[in-house]
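Please treat every number below as a calculation from the coordinates, not as lab data. Keep in mind that what you see is a predicted model, and the values were worked out from it rather than measured. Cβ placement follows ideal geometry from the backbone for every residue including glycine, while neighbour counts extend to all protein chains displayed.
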Amino acid sequence: MFKVVLIDDEPIIIEGLKKILDWHALGFEIVAVAYDGVDGFSKLLELNPDVALIDIRIPGIDGLLLIQRLREKNISTKIIILSGYSEFEYARKAVELGVESYLLKPIDKQLLEEKLMAIREKLEEEFKINRAFSTAKKLTREKVVEKLVLGTLKDTEIEYMNKFFELQLPWKKYQVAIIQLLNENRNSCEINQTVLQLKEKVDLFLNKNSCGFSTIINNNICILFKDFWYPFNSRSINILKDMLMQYTDGQVIISIGSKVEDYRNIKKSFEEANELLKKRFLLGYKGLIFIKEAIFRYDKTEKEFDDNVNAYALAVAIEFNNFEKINNILENKADNLIKKNASEDEAKSSFYNFFVDVLYKLSQNQEYKQIVEKYLTQEIFKNLFTQKTLTELKGLIKYYFTLIAEQIKKLHSDNFKVQVEEFIKRNYFIDLKLETLAEIFGYNSSYFSKLFKKTFGENFLSYIEKVRIEKAKELLENGEKVSKVAKKVGYEDMDYFCLKFKKYVGCSPKGYKESLKRK
């Protein structure tokens, strides 16, 4: 609907104009009326309607002066002059001011309808032109963003583009992220279509948060973030990632370069993100790759990770429930693969052989053989080889070894509360689930949940959170940084950790550290 304002000092004329036509059927809506020039001018400025019907003789400001002031304000409203005067001078001045029509009272219904239909055609054509120009401008701006990211614009060109496309440079921070669609079971046409669909969703996110622009480079969606960066805005970026992962059934990866403070260094952030994409298996985690430090380079003088020695040490750690040792050995194994810049196939094969070797060493104890054999199945081997990143592969192997260790421990203890307490105490920092514990201790999850609450007086999640927060307090008391403490006690998301800490302690982790200093 196009908006219409009626201005006439005679109420009967206003009411007649309202009723003379079916405005809605013609595509118009009367949004305001005024009975003098001053009020009319105010409403025209406020509403900026598409069309105004103005009586030429109205009190306050006459119609011609009102139109003149509108033109001085660059208001493009289409004007139809209404008058009981047929003098040529009025018509000449009205035409000079660019009015669409000059109609004499009493208004002829058919003539007014014809004039409105002609105006509507003009408005619709202008709308199409403006929309086409807007689209062209957007596409051109994407090209400018591409050149900024690739670092191919000179300073003088950037200055011009900045003004023309309203980029509002300089910004405080710049960061480049690259979204890559994994091409599993897709042809090139499907990839192109999906990339365009993903870009629409990315643009909605960027517009909603006013945080940057996107473009397509080498069939990847490239985001230039404006004053919005990872990890500071990690929660919002993870929301974007999760939305894209859900839309593609997990078939996207987002790599993020470091933030920079000068637009001349945007290319550096882009190159980092590009380099990270090549190492998505080694460095990625659940669809996201970001690393603040320089990418590891293998130092041949560094002591080699001995698979045989470490497999034996890991078997011993599993047997004696030394979960810290289990974790350290697996972390060292993964770090060694990263430093060697292993390919995805090399990393998976190496970890698979290491996993089997550890199980073989455990199985030499006949008491453990039945437990170990459960983890030498085709299904488990397939799970190892289908993990998308080294972190997820390492986590899965750690999970299996944790289950084995707990089942071995169960052979030597029968006190339910002690077993559970010790298990949680050793493993509070991993992604513990009630179903996992139920499986380890040989119960179905429903019964285990009831038994746990009866034994400990609270539900499983609440108990885990308290254990983690108590451990976090200890670490903070020892002077460790809040960010490191959060990860050590099992929280990847800093904001979520702070929220949980405040819930149980009554203040933020930072506030807790400051209170310790005052004591």
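Side notes on the structure shown:
- Neighbourhood charge, 14 Å Cβ-Cβ cut-off, centred on Gly60 and excluding it, Lys, Arg +1 and Asp, Glu -1: -3
- Interchain or long-range residues, amide H under 5 Å from Asn233's placed H: none
- Exposure proxy ranking, count of Cβ atoms within 10 Å, fewest first, for Cys507, Cys498, Cys189: Cys189, Cys507, Cys498
- The aspartates and glutamates whose alpha-carbon is closer than 18 Å to the alpha-carbon of Lys453, local same-chain residues fewer than 8 away aside, are Glu421, Glu422, Glu435, Glu439, Glu465.
- Annotation: aspartates and glutamates with alpha-carbon distance below 16 angstrom to Lys163 (same-chain offsets under eight excluded): Glu142, Asp155.
- Likely footprinting exposure, Glu142, Glu190, fewest C-beta neighbours within 10 Å first: Glu190, Glu142
- Burial ordering of Met117, Met494, fewest other beta-carbon atoms within 10 Å first: Met117, Met494
- Under 17 Å from the Cα of Lys303 - lysines, other chains or at least 8 residues apart: Lys333, Lys339, Lys340
- Relative contact order (%) - the chain, alpha-carbon pairs under 8 angstrom, separation at least six: 8 percent
- Normalised contact order of the range 307-463, rounded percent, pairs of Cα under 8 Å and 6 or more residues apart: 24 percent
- Relative contact order of the range 141-290, defined on C-alpha pairs under 8 angstrom at six or more residues apart (%): 32 percent
- Reported label for calculated log10 I(q)/I(0) by the Debye sum over Cα atoms at q = 0.08, 0.13 Å⁻¹ given (i) -0.74, -1.28; (ii) -0.48, -1.31; (iii) -0.55, -1.30: (i)
- Close amide H pairs (under 5 Å, H built 1.01 Å from N) link Phe2 with Phe28, Glu29, residues at least 5 positions away or on another chain.
- The Cβ shell under 15 Å around Thr156 holds other residues with a net charge of +1, Lys and Arg each +1, Asp and Glu each -1.
- Flagged links, alpha-carbon separation over 29 Å, of Lys93/Lys115; Lys73/Lys172; Lys78/Lys109; Lys410/Lys466: Lys73/Lys172
- Here's how it looks for Ile216: its modeled amide H is under 5 Å from those of Cys222, which are all 5 or more places away or on a different chain.
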